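The values are calculated or read from the model by the stated rules, or taken from the named source; none is laboratory data. Because the structure is predicted, anything quoted here is derived from the model rather than measured. Cβ sites come from the backbone with ideal geometry, for glycine too, and all protein chains shown count toward neighbours. Just the protein is used for accessible areas: all its heavy atoms, side chains included, with ligands, DNA and RNA removed. Shrake-Rupley method; radii C 1.70, N 1.55, O 1.52, S 1.80 Å.
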Amino acid sequence: MLRLLRRTLLIGLAAFAALLLVLVTLAYLFEDQVKAKLVDELNTHLLAPLHQSGMDLTLVKRFPQASLHIRDVYMQEVRTDELPADTLLYAKDLYLEFSLFDLITGDYTVHDIHGQDVKLYPGLDTKGAENWLVWRTDSSGTGQENRTAIDLRKVTFDGLSTRFRDGRSGLEVAATSKRSTFALRFRDDGSTLALNGDVWLRHWSDRSGTRLADRKADINLHMLFGGADGAFHIDKGELFFGKTPLNVTLAVLR
């Protein structure tokens with residue numbers, strides 16, 4: 001019995017080592033190709049430069065997903081007023097994820113992004129323009145559906161600090177989260193964002209003072225923003241303070 005257990009353990013370890021070797025080899029073989037494709041995609045569509053300290057292809061850290069791992073990511077916001085641009089995004093580690101099986105076929109379409117130790121600061125400048133409009137849509141006018149290598153469906157975070165600020169009214173909402181998941185769709189006629197996770201509301205304030213502060217909850221929210229009315233809406237929302245649920249709706253108008 002002991003001999004059978006030891007043999008099974010050795011076979012398991014050998015299989016794991018073989019799998020790890022295969023993944024490392026594949027990452028080495030495909031790294032330049034994947035980096036060239038996704039970096040070209042980012043350069044084509046980003047309106048603001050994306051600063052980073054290095055990137056590599058990993059098939060191990062986010063297994064079973066393949067990921068382009070980007071370190072120390074930094075991007076400034078886009079402003080239309082005279083004030084200097086501030087931070088829009090910082091992430092210690094950012095993973096652009098696609099299917100491991102698609103690696104062989106050459107389809108590196110990114111559907112998921114995972115960030116670790118992230119700071120995200122969306123907002124409106126003093127003219128009411130969104131500071132997060134950093135992604136250029138394809139306007140080739142070919143009449144065909146334009147396909148890019150980045151088609152986001154889900155964004156997850158381990159350690160998020162976020163703040164929404166309206167430069168016209170002085171509204172500021174600041175919060176942090178240990179773990180959270182965003183399902184989002186960016187569209188010209190209005191974007192949607194579904195958020196699930198834990199949150200610590202640090203403060204909710206405007207020029208009149210602090211409205212709410214130091215609240216912890218588990219949240220499930222569906223939000224609309226960037227539409228024709230320029231408003232930010234929470235059209236469906238649940239907050240759980242311990243076991244106590246609270247339904248939430250909100251509209252921040254221009």
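Would you mind getting the accessible area per residue of the range 47-109, heavy atoms of the protein chains only, 1.4 Å probe, in Å²?
Solvent-accessible surface per residue comes out at 49 Å².
Pop a pseudo-label 7 angstrom from the Cα along the beta-carbon direction at both ASP72 and ARG168 and give the gap in nm to one decimal.
3.9 nm
Mind ranking 55-63, 211-219 by how tightly packed they are, going by the mean number of other C-beta atoms within 10 angstrom, highest first?
In descending order of packing, they fall as 55-63, 211-219.
Assuming R0 = 35 Å, can you tell me the calculated FRET efficiency for the pair ARG136 and ARG179, based on Cβ-Cβ distance, to the nearest 0.05?
E between ARG136 and ARG179, to the nearest 0.05, is 0.65.
Exactly which GluC sites (Glu not before Pro) in the range 57-130 are in a DSSP loop and have at most 14 other Cβ atoms within 10 Å?
Here the sparse-neighbourhood loop sites are GLU82.
5 Å is the cut-off here: which amide hydrogens, built 1.01 Å from N in the peptide plane, fall below it relative to ASP86, excluding neighbours closer than 5 in sequence?
Long-range HN contacts for ASP86: GLU77.
Carbon and sulfur: what percent of the range 22-133's accessible surface (1.4 Å probe)?
C and S fraction of accessible area: 57 percent.
Suppose each label sits 7 Å from its Cα in the direction of the beta carbon; what would the HIS51-HIS111 distance come out to in nanometres?
Placing both labels 7 Å beyond Cα along the Cβ direction yields 3.4 nm.
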